[in-house]
Amino acid sequence: MSIDKKITEDLVAAKIGFVTTVPCKQLAGVIDEIDRHPDIFHIPSNKEDEGMGLCAGAWMGGTRPAIIMQNTAIGVTINTLATLIQYYRMPLPMLISYRGELREPVACQVEMAVHTKALLAELKIPTYHFHKQSDADELPNILDYTFMCNKPVAILTDANFWGGYGDQ
Amino acid sequence: MIRSEILKEIAPILRDQLVICNIGIPSQELHAIDDQPTNFYMLGTMGLASSIGLGLALVQKKPVIVIDGDGSVLTNLGTLPTIANNVAPNYILLIIDNGSYGSTGDQPTYAGRKTSLAKMAEAAGCERVIECRAEETGQVLQEALDAGEMTVIVSKCESGNAKMPVITMDPVVIRDRFMKAVEA
Ligand SMILES: [Mg+2]
């Protein structure tokens with residue numbers, strides 16, 4: 001099974017039925033799988049804070065949500081994480097493309113990469129970092145944990161996890 | 001008519017519906033006029049009421065009314081294409097457009113100048129968009145509920161706020177009783 005399909009099946013197994021995405025090259029395959037899956041309502045959002053609002057509503061309506069985004073979005077969504085997701089105590093798995101790590105070809109991506117873990121730590125957001133494909137074996141446990149504690153949880157997935165960028 | 005007068009007038013229509021209410025004075029006013037477990041008050045996060053309401057409308061069948069403001073819609077304009085392209089027939093976005101940022105001291109918004117939020121909603125692809133005068137809001141809102149079609153209402157009113165107390169209810173209590181009301 002491809003890693004894209006495995007991640008999607010793990011989301012479905014965790015009863016996640018509502019996924020919002022902001023695109024990323026690394027996440028393109030998993031976004032395709034999610035879009036095709038009959039048990040997931042896929043709703044692309046224009047910005048990550050908007051996506052978190054959609055997820056908050058879906059969860060209050062009784063459907064488990066998830067958001068898929070780049071790590072640059074941590075810079076966009078700090079207020080939303082603090083004053084919506086954390087303040088009202090809502091669960092939100094965040095599958096994050098960790099741009100700007102090893103094998104990254106675009107220098108500017110490093111500028112947010114160096115802040116990513118520090119910002120998540122400052123927000124007291126439980127954070128997991130997938131570097132090798134076997135790290136994804138933890139995903140079902142991470143999803144259970146998220147809906148057990150009603151917190152946003154970050155899953156950072158770097159270029160090495162996704163197999164790099166072709167010749168990079 | 002100012003926003004609090006509209007809210008007073010439409011309170012009997014809102015009472016039995018799921019309502020997501022915008023941050024700041026709009027939530028304080030609705031809370032003071034007619035607090036209900038079916039009301040979700042935003043205490044922070046400007047701009048996301050319309051998105052929360054859409055997420056809620058898409059996963060369950062009860063009607064959802066979002067009470068938003070012109071300033072808050074302007075801060076999350078990406079919401080309009082998302083609403084238009086993910087049609088929830090049980091979703092009503094009521095934008096109370098007073099042409100100002102009411103909660104921060106009535107500074108003018110662009111919606112009070114050259115920008116038409118109704119035309120922007122139409123351009124985004126929303127199919128049922130109604131701009132009305134403040135006095136017509138109740139009637140237009142009731143018609144939208146009866147139509148059972150996704151509707152964006154832009155109610156043009158005067159700028160101004162009623163003096164209401166800050167909401168001191170714990171956010172988790174607001175959220176928990178709201179979720180129970182959704183499920184009921
Ligand atoms: Mg306003």
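Structure summary
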{"item": "Dimensionless Rg/Rh of the range B:3-183 - Kirkwood Rh, Rg from C-alpha atoms", "result": "0.92"}
{"item": "Anchor residue B:156: lysines whose Cα lies under 22 Å away (excluding residues fewer than 8 positions away in-chain)", "result": "B:8, B:114, B:119"}
{"item": "Mean residue ellipticity (222 nm) of the protein assembly as shown, computed from DSSP H runs ≥ 4 via -39,500 (n - 2.57), nearest 500", "result": "-12500 deg cm²/dmol"}
{"item": "Qualifying trypsin sites (Lys or Arg not before Pro) for the range A:1-73 [loop in DSSP, other Cβ within 10 Å: at most 13]", "result": "A:15, A:25"}
{"item": "Estimated FRET transfer efficiency (residue B:104, residue A:108; beta-carbon r; R0 25 Å; 0.05)", "result": "0.15"}
{"item": "Segment residue B:116-residue B:15, extension gain: residue separation times 0.36 nm, minus the distance between their alpha carbons", "result": "33.4 nm"}
{"item": "Dipole-positive endmost among B:27, B:59, B:14 within chain B (Cβ charges, Cα centre)", "result": "B:59"}
{"item": "Chain B, accessible area per residue, ligands and nucleic acids excluded (1.4 Å, Å²)", "result": "40 Å²"}
{"item": "Greater than 26 Å apart at Cα, pairs in A:6/B:180; A:47/A:117; A:15/A:151; A:47/A:124", "result": "A:6/B:180"}
{"item": "Directionally averaged shadow of the protein assembly as shown, computed from the convex hull of its alpha-carbon atoms, nm²", "result": "17.5 nm²"}
{"item": "Per-residue HN-Hα couplings for the range B:66-71 [Karplus 6.51, -1.76, 1.60; θ = phi - 60°; Hz; x = Gly/Pro]", "result": "9, 9, 10, x, 5, x"}
{"item": "Centroid-to-centroid separation of the range A:16-33 and the range A:104-168 [C-alpha atoms, Å]", "result": "15 Å"}
{"item": "Accessible-area composition of the range B:3-183, carbon plus sulfur, in percent [1.4 Å probe]", "result": "50 percent"}
{"item": "q = 0.11, 0.14, 0.22, 0.27 Å⁻¹: log10 I(q)/I(0) that the Debye formula gives for the range A:1-85, counting C-alpha atoms only", "result": "-0.28, -0.45, -1.06, -1.38"}
{"item": "Derived scalar couplings ³J(HN,Hα) [the range A:120-133; Karplus, 6.51 cos²θ - 1.76 cosθ + 1.60; whole Hz; x for Gly, Pro]", "result": "4, 5, 4, 7, 6, 9, x, 10, 10, 10, 8, 10, 10, 4"}
{"item": "Total accessible area lost when A and B pair, probe 1.4 Å, Å² to nearest 100", "result": "2100 Å²"}
{"item": "Computed over the range A:43-165, Kirkwood Rh from alpha-carbon pairs, angstrom", "result": "14.7 Å"}
{"item": "Trypsin sites (Lys or Arg not before Pro) restricted to the range B:122-184 and DSSP loop, no more than 15 other C-beta within 10 Å", "result": "B:163"}
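The values are calculated or read from the model by the stated rules, or taken from the named source; none is laboratory data. The shown structure was predicted, so the numbers you read here are calculated from the model rather than taken from an experiment. Counting neighbours? That spans all protein chains shown, and the Cβs are built from the backbone with ideal geometry, glycine included. Calculation scope for accessible area: heavy atoms of the full protein, side chains included, ligands and nucleic acids excluded. Shrake-Rupley method; radii C 1.70, N 1.55, O 1.52, S 1.80 Å.
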